[in-house]
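Right, one structure below, let's go through it.
The values are calculated or read from the model by the stated rules, or taken from the named source; none is laboratory data. What you see is a predicted model, and the numbers here were worked out from it, not measured in a lab. Methodologically, a virtual Cβ is constructed for each residue, glycine included, from the backbone with ideal geometry; neighbour enumeration extends over all protein chains shown. Please note that ligands, DNA and RNA were not included when accessible areas were found on the heavy atoms of the full protein model with its side chains. Shrake-Rupley method; radii C 1.70, N 1.55, O 1.52, S 1.80 Å.
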Amino acid sequence: MDRTAWDERYASKDYLWTVEPNRFVQQHVAQLTPGTAIDLATGEGRNAVWLAGRDGR
Ligand SMILES: C[S@@+](CC[C@H](N)C(=O)[O-])C[C@H]1O[C@@H](n2cnc3c(N)ncnc32)[C@H](O)[C@@H]1O
């Protein structure tokens with residue numbers, strides 16, 4: 001898919017995915033100590049929001 005196709009896809013609904021983080025992200029990150037993270041290709045940001053909520057500061 002090119003960027004136009006992604007933009008069109010995300011423009012079609014409020015949420016394309018659930019608002020819950022991806023289960024594989026949750027599974028693999030849950031065991032890590034909260035710190036600094038970058039979420040590439042974040043889509044609607046569900047994983048980034050979850051990661052930010054784990055801030056250990
Ligand atoms: C299947 S969605 C996954 C979104 C998010 N990671 C999630 O789990 O909800 C793929 C994402 O990758 C982005 N993407 C696709 N190709 C990309 C590229 N070449 N550079 C940066 N982002 C890209 C899309 O814009 C989209 O946000």
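The figures follow:
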| item | result |
| --- | --- |
| Whole-number percent relative contact order across the stretch 3-53, with pairs defined as alpha carbons under 8 Å at least 6 apart | 43 percent |
| Using θ = phi - 60° and Karplus 6.51 cos²θ - 1.76 cosθ + 1.60, couplings along the stretch 36-48 (whole Hz; Gly, Pro as x) | 9, 9, 10, 10, 7, 6, 6, x, 8, x, 4, 6, 5 |
| Table column - 3J(HN,Hα) (Hz), the stretch 24-32, Karplus curve with 6.51, -1.76, 1.60, x for Gly and Pro | 6, 4, 4, 4, 7, 8, 4, 7, 8 |
| Convex hull volume of the chain per residue (C-alpha atoms, cubic angstrom) | 88 Å³ |
| Extension gain (nm, one decimal) between L40 and D55, 0.36 nm per residue minus Cα-Cα | 3.6 nm |
| Surface accessible to a 1.4 Å probe, per residue, for the residues of the stretch 3-53, Å² | 84 Å² |
| At R0 = 22 Å, FRET efficiency that the Cβ-Cβ distance of M1 and N22 yields, to 0.05 | 0.75 |
